[in-house]
Every structure is written in structure tokens, then in C-alpha cells.
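J.: Sharing a structure, written as C-alpha cells. Questions coming.
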Amino acid sequence: MRLLKTCTDLGGFPGKTEREQRASACISASLSLVLAVEYEWAWLAKSEIPTVAQVLIYLSDVKTIRDAQIRDAHTPETPTSELELTSTIRWTCMSIIVVRRVLQTFDEVGTAADRVINALAKVRGVTEGTKDENATKTAKTLGIYLRASWNSAASLHQELIRNVHPGNVEDRVRNIMEEKKSDITTLDDTWNVCGWAEETDDAIVTLAQTLRDVTSGVIDRFSGAVLPWQEDSRLESERGVQSTPSVFMPQFIPPRLLIQRLWLCVSALRGISSAGWGASAYKWRKLGDLSAPELTMPEMCKLMVETRAETRTPMVTQLWRLQDLRSGGLVYSLELFIQAIKSSGKAASRESSRELYGGTFFVITRRWREKYKHGVWTEQLLVDLLRRVLPTSGDSSSDQVPTYIIDHLITFVADVLGTKNGSHVEDAISQIKTYSERPDNTSVVARDVLLRFELART
């Protein structure tokens, strides 16, 4: 820790190279100790985490690591040196461990997550039932509204970007408004009924900022974990609409804000229809610009399209994640870990990466039975994560997780769910069974796990 602290002193080294070398060496040594010894390291206490975070952030800005991250995420075919690759993997693993430690030691995160759950529960205005039961009902309702809004906005978007002769723009807008009347009505209705969700949105924005603050910004450096809200000029002439924060986390979406941004397309269409293309309050280059930017964001499209089952709407899954965070964030940490692996391209599949990534998985899940008071929501989120990890026929190579990580995950699922009952347990068994029967599956772990489940039920 003393050496790590010296790395935060800009004037303590004769040049950048010496500082980078010491910072890399300290992070490598710290990671090696954490992976090698199962011990509650006092040096990684709450008061010391900002120092480790500061060094990690410094290293993420160092050219060798930053360039390697960009290549792994966007151009995996470009070779990366062994030194760059190892440094990047060690940075990723230590950063995940620091976030995991933060979630275990900082009460602020659990408190902020609980505030969102309270906001969801309170809007129902009932006293019977537990807070979590009422929050679940609200999350299901919000999920229905959000999905309806998204589908209608996407339908409008496809019409707005259709490659047709422009002709008279005003006439085309009026035709769209007539032909898409049902979608416009849906967007109007969902926006009008979601005023009660503003407190939930505020609590989610606070939670996202709390996560960024307590991790000292480390979480911002994970690919896809924190994204900018694109500026939306459609807000300028609207009254009573919600202001947009500068950043958001795809795993914690403010539902009313997203519904608002989807609905603003309708408001813009009405402005053009009544005032004309040139005289409206908006200055558009093309009709497609009327749509919410989120409709073309890969992260948002994946979130909204892939969770089609009613029991797994984005809002219900988000509630499970909030409940998991309130209890220490075990599965949330695993989600970040899996996303980091997917973002690393082929790096995680290399034999030299196996010990580091595998060891980090075990640190995240270490002593979960003793240290972690999980509820059924954590089990449900774990099963949902399993669905996102197990390969399917439509997966691209960049979406696939190495077999050794899959083996670790399904073994952990069996540890958590082996003696449990419920539809989510049957869902997990079904997923693992389908995976074990894939012709390209060479691992015997899935079959062993299925046998464990079978023996537990006899």
C-alpha cells in the first residue's frame, strides 16, 4: 500500500516510464496476493480503496493499456503484445476485485439501491404485502409500459428512416401520423401515465452516481458500464419534461426518462405536421433524427429485445439487480466480470489468461455462503446471467465466453441452487441440459452439474 501511494505522486518519479512501471508492478503484486491467498486483506480496507482506484485509473489512461483495450474491443484481429495483454488482463481483474470489495464494504450503495426499491413499492399506495412484493408488481407494470413504448417507437423509427423519395415532407409526416396512429397513441398513453415514476428515476440516477463515487470512477472504465446520454434538442421546446443526466448505466435505466425520450418523436411529428418542416421549432436534417437516439444504441437494443419473456422484462431484471446490490452485489459483480471478458475479444480464451480470469471468478464468489445474505432475487438474477453466458446458435464469436468460465459459472449455480426449488431452478437445469447436449460442447462439467441436481432431488 505504501508503494501504491507513491504512484499517486506526480512529482515522485523522474519520468512517466518509471511511474508506469511501478504502478504496473504494484497492481500485479496486489492481484497475485489476492488470487493466491484466501484472506481478508486489511490493506484493501475501505479507507485504502481510493488509493488503489487512483492507480487503476492512472494505468487505464496509460497508452499501452488503453490501446490494448481498444484493440481487444474493436479490432481483435490486430495483434497485441504479450506484455500489453498481460497488463490489460491484470488491470481488468484487479479493477473487478476492487469493485467487488467496494460493494461489500460501502453501505452507501446498498442504501441507494434500497431507495429505488422503496420508490417502486411506495407508488402502489398499499400497506399489505412486503416492500419487495409491491416493488415487483410496480416493476412488472413499468416493464409493460416500457416495452410497449419501445416497440411503438421502433415501429415509427423504421418508417421515418425508410428510403423513399422525400417529396413533400409535410404530407409524408401527416401520412405517417395516420398510418402509425396506433403507435402514436401507445406512446402518448405510456408517457401520460408514467408521471408517478419520477421519484424512481431520481433514485436510479442517484444510485448510478453513488456507484461511480464509491468506486472512485473505476467503474467508468469498464466497457459499456457507463455511457453518455446523448444530447436531445427535442427537449428544448417541451414543458414539463424531465432533464437528462450526463451519463447512465444500461443496467440501471430510469424508466420514465427513457419513455419520455421515446415519446418525444411524437411531439416532434406534431410540430412538423402543424407548423411545417421549415417553420417548426426543430431544425432537422432528416426525418430519422426525430427518433430517440437510444433506438440505435446496441446496448439498449440488446437490453430491450433479448428479454422478451414477461417474467424477465428489463424492469423486473433491474429490480433483481437492485435487490442484489442491497445485499452486497454478488451477481452484479459477476455481470461486470462477464461483460469485461466479452469486451476483451479473444484475450480470455488464451491459456495464459485462464489462471487470472479463473482466479478472479473465485475471488468474486469466495465464501459466498458465509458472507452473503442472498434472497430469491439473487438466485433469479444468477439464472438470468446464466442465460446470457451459455452459448446459443445465434451468438457471434465476440459474444461467447470461454468454456472454463462457463464451467465455473454452472458449478457455482449448482452450489447456490442445488438444494433449492422453484421455477427459476428448473429454468437453470433446463438451460444447462440444453448446453450439455450441444454437439460442440466438449466439457463434462455440465453433465456432472446435472447429476448433482438429480441427486439433490432424490
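J.: Out of all the residues in the range 1-39, which are outside any helix (DSSP H, G or I) and surrounded by 11 or more Cβ atoms within 10 Å (Cβ to Cβ)? Working first, answer last.
T.: If we filter the range 1-39 for residues that are outside any helix (DSSP H, G or I), which is where we start, we get 1, 7-15, 37-39.
Scanning the range 1-39 gives M1, C7, T8, G12, F13.
J.: While we're here: Are there any pairs, at least 6 apart or on different chains, whose C-beta atoms fall under 6 Å, with the first in the range 39-52 and within 18 Å of S24 (Cα to Cα) and the second of a type in the set (S, T, Y) and at pLDDT 80 or above, and if so, which?
T.: Within 6 Å, the pairs are P50/S216.
J.: Something else now. Whether any residue in the range 66-81 is among the aliphatic types (A, V, I, L, M), under 27 Å from the mean Cα position of the chain (by Cα), crowded, with 21+ Cβ neighbours inside 10 Å and at pLDDT below 70 is what I want to check.
T.: Of the range 66-81, the ones among the aliphatic types (A, V, I, L, M) are 68, 70, 73.
Narrowing further to those that are under 27 Å from the mean Cα position of the chain (by Cα): 68, 70, 73.
Within this subset, residues satisfying the condition of being crowded, with 21+ Cβ neighbours inside 10 Å are 68.
Filter once more, so that each one left must be at pLDDT below 70: 68.
For the range 66-81, residues among the aliphatic types (A, V, I, L, M), under 27 Å from the mean Cα position of the chain (by Cα), crowded, with 21+ Cβ neighbours inside 10 Å and at pLDDT below 70: present.
J.: Just give me the residues in the range 418-444 being of a type in the set (A, V, I, L, M) and free of Cβ contacts under 8 Å to residues at least 24 places away in the same chain, in sequence order. Working first, answer last.
T.: Taking the range 418-444 and keeping what is of a type in the set (A, V, I, L, M), we get 425, 428-429, 432, 444.
Listed by number, the list holds a single entry, V444.
J.: Can you spot a residue in the range 92-105 that is at pLDDT below 90 and outside any loop (DSSP other than H, G, I, E, B)?
T.: Keep residues of the range 92-105 that are at pLDDT below 90, which gives 104-105.
Of the ones still in play, those that are also outside any loop (DSSP other than H, G, I, E, B) are 104-105.
Looking through the range 92-105, at least one residue is at pLDDT below 90 and outside any loop (DSSP other than H, G, I, E, B).
J.: Further, regarding this structure: Do you know which residues across the range 433-448 are part of a loop (DSSP other than H, G, I, E, B) and touching a Phe, Trp or Tyr at 6+ places or on another chain (Cβ under 8 Å)? Before you say what the answer is, go through the steps one by one.
T.: Restricting attention to the range 433-448, the residues satisfying the condition of being part of a loop (DSSP other than H, G, I, E, B) are 437-444.
Within the range 433-448, N441 is the sole residue that qualifies.
J.: While we're here: Looking at the structure I just gave you, is G129 modelled with pLDDT of 90 or more, among the small types (G, A, S) and either in contact with a Lys or Arg (Cβ under 6 Å, 6 or more places away or on another chain) or loosely packed, with under 15 Cβ neighbours inside 10 Å (or both)? Spell out how you get there, then give the answer.
T.: Values: modelled with pLDDT of 90 or more: no; among the small types (G, A, S): yes; either in contact with a Lys or Arg (Cβ under 6 Å, 6 or more places away or on another chain) or loosely packed, with under 15 Cβ neighbours inside 10 Å (or both): yes.
The answer is no for G129.
J.: What's the number of the only condition in (1) assigned to a loop (DSSP other than H, G, I, E, B); (2) modelled with pLDDT of 85 or more; (3) out of contact with any Asp or Glu (no Cβ under 8 Å at 6 or more places or on another chain) that R270 fails to meet?
T.: The failed condition is (1).
J.: Let me ask something else. Find the residue count for the range 404-432, including only residues that are over 23 Å from the mean Cα position of the chain (by Cα), of a type in the set (D, E, K, R) and in a helix (DSSP H, G or I).
T.: Result for the range 404-432: 2.
J.: Starting from the range 206-233, take each residue that is within 30 Å of L269 (Cβ to Cβ) and list its partners that are surrounded by fewer than 17 Cβ atoms within 10 Å (Cβ to Cβ) and of a type in the set (A, V, I, L, M), counting only C-beta distances under 9 angstrom and pairs at least six apart or across chains.
T.: L227/V247; L227/M297; P228/V247; W229/V247; Q230/M297
J.: With in a helix (DSSP H, G or I), in contact with a His (Cβ under 7 Å, 6 or more places away or on another chain), acidic (D, E) and modelled with pLDDT of 85 or more as the only criterion, which of E379, E335 stands out? Steps first, answer last, please.
T.: On the way: E335 fails: in contact with a His (Cβ under 7 Å, 6 or more places away or on another chain).
Going through E379, E335 in turn, just one is in a helix (DSSP H, G or I), in contact with a His (Cβ under 7 Å, 6 or more places away or on another chain), acidic (D, E) and modelled with pLDDT of 85 or more: E379.
J.: Go through A23, A113 for me and flag whichever is at pLDDT 90 or above and closer than 30 Å to E199 by Cα. Spell out the reasoning first.
T.: Working: A23 fails: closer than 30 Å to E199 by Cα.
That would be A113, the only listed residue that is at pLDDT 90 or above and closer than 30 Å to E199 by Cα.
J.: If you check V413 against the conditions, is it surrounded by 14 or more Cβ atoms within 10 Å (Cβ to Cβ) and modelled with pLDDT under 95?
T.: Numbers: surrounded by 14 or more Cβ atoms within 10 Å (Cβ to Cβ): yes; modelled with pLDDT under 95: no.
Against the criterion (surrounded by 14 or more Cβ atoms within 10 Å (Cβ to Cβ) and modelled with pLDDT under 95), V413 does not qualify.
J.: What is the number of the single condition among (1) more than 30 Å from L287 (Cα to Cα); (2) crowded, with 17+ Cβ neighbours inside 10 Å; (3) of a type in the set (S, T, N, Q) that T111 does not meet?
T.: Here T111 meets the rest and fails (2).
J.: Now a separate question. Starting from residues that are part of a helix (DSSP H, G or I) and in contact (Cβ under 8 Å) with a residue 60 or more places away in the chain, keep the ones in the range 177-195 and report whichever is farthest from G271 (Cα to Cα).
T.: In this case the residue turns out to be G195.
The values are calculated or read from the model by the stated rules, or taken from the named source; none is laboratory data. Not measured: the values here are computed from a predicted model. Glycine also receives a Cβ, built like all others from the backbone with ideal geometry; neighbour counts cover every protein chain displayed.
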